[in-house]
Amino acid sequence: MGDLWLVRHGQTEWSRVGRHTSTTDLPLLPEGEDGARALAPRLAGASFALVLTSPRLRARDTARLAGFADALVDADLAEWDYGAYEGLTRAQIQEGVPGWTIWTHPCPGGETAEEVGERFDRVVARASSVDGDTVVFSHGHALRALAARWLRLPVSEGRLLRLDTSTISVLG
């Protein structure tokens, strides 16, 4: 077992304005493509035993532009399913549910924290089964939840982390 490298996809129209984006398959903006390309030299010196990506276009394109066109698609790396909150900002959701956050409240018609945790426990097991480092291309809330599970913390502790678009985080 090696390190787990987390790469958040490049910027999209919705990530730029804070809209919750899970199943809506948005492309990267031109600046998101530039951000993804800028990841390539930072990742080029690393050696990975396993390269995984979310099935969403924005993550797959980030992987490709960062030099990993052969990344294996893993459905477990998809973003948290926001259900009825898809496309809304946190402020819009809080108009109807004061104090709402993904970490503390449910998403009607979407995934629970327990379901998300089960998905990311499978990713942790998969990454732990290889001899060497793993890199994953995924999404903001998903990667924060994955980091919490890697650290053997509840999914809700992902609230303590921040991941901007086109960023790399390494967990040992």
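The values are calculated or read from the model by the stated rules, or taken from the named source; none is laboratory data. Everything quoted here is computed from the prediction, not taken from an experiment. When we count neighbours, we look across all protein chains shown, and the Cβ atoms used for this are built from the backbone with ideal geometry, even at glycine. Just so you know, the surface numbers come from the protein's heavy atoms only, side chains and all, with ligands and any DNA or RNA stripped out. Shrake-Rupley method; radii C 1.70, N 1.55, O 1.52, S 1.80 Å.
For region 24-69, a residue qualifies if it is surrounded by fewer than 19 Cβ atoms within 10 Å (Cβ to Cβ) and in contact with a Phe, Trp or Tyr (Cβ under 8 Å, 6 or more places away or on another chain), and the qualifying residues are Thr24, Leu26, Leu43, Ala46, Phe48. A residue that is of a type outside the set (A, V, I, L, M, F, W, C) and either within 17 Å of Leu171 (Cα to Cα) or open to solvent by less than 40 Å² (accessible area, probe 1.4 Å) (or both) can be found somewhere in region 108-115. Residues in region 1-28 that are farther than 28 Å from Gly83 by Cα and in a loop (DSSP other than H, G, I, E, B): Met1, Gly2, Asp3. Selection over region 136-163 of residues that are touching a Gly at 6+ places or on another chain (Cβ under 8 Å) and open to solvent by 20 Å² or more (accessible area, probe 1.4 Å) gives a count of 5.
When Val73 is tested against (1) open to solvent by 50 Å² or more (accessible area, probe 1.4 Å); (2) in contact (Cβ under 8 Å) with a residue 24 or more places away in the chain; (3) β-branched (Val, Ile, Thr), just one condition goes unmet, and that condition is (2). Looking across Asp121, Asp164, one residue alone is among the acidic types (Asp, Glu) and within 30 Å of Glu31 (Cβ to Cβ). It is Asp164. Within region 115-162, the residues that satisfy the criterion of being touching a strand residue (DSSP E or B) at 6+ places or on another chain (Cβ under 7 Å) and farther than 20 Å from Ala75 by Cβ are Asp131, Gly132, Asp133. Of the residues making up region 10-23, those that are open to solvent by 10 Å² or more (accessible area, probe 1.4 Å), of a type outside the set (Ser, Thr, Tyr) and in contact (Cβ under 8 Å) with a residue 40 or more places away in the chain are Gln11, Trp14, Val17, Gly18, Arg19, His20.
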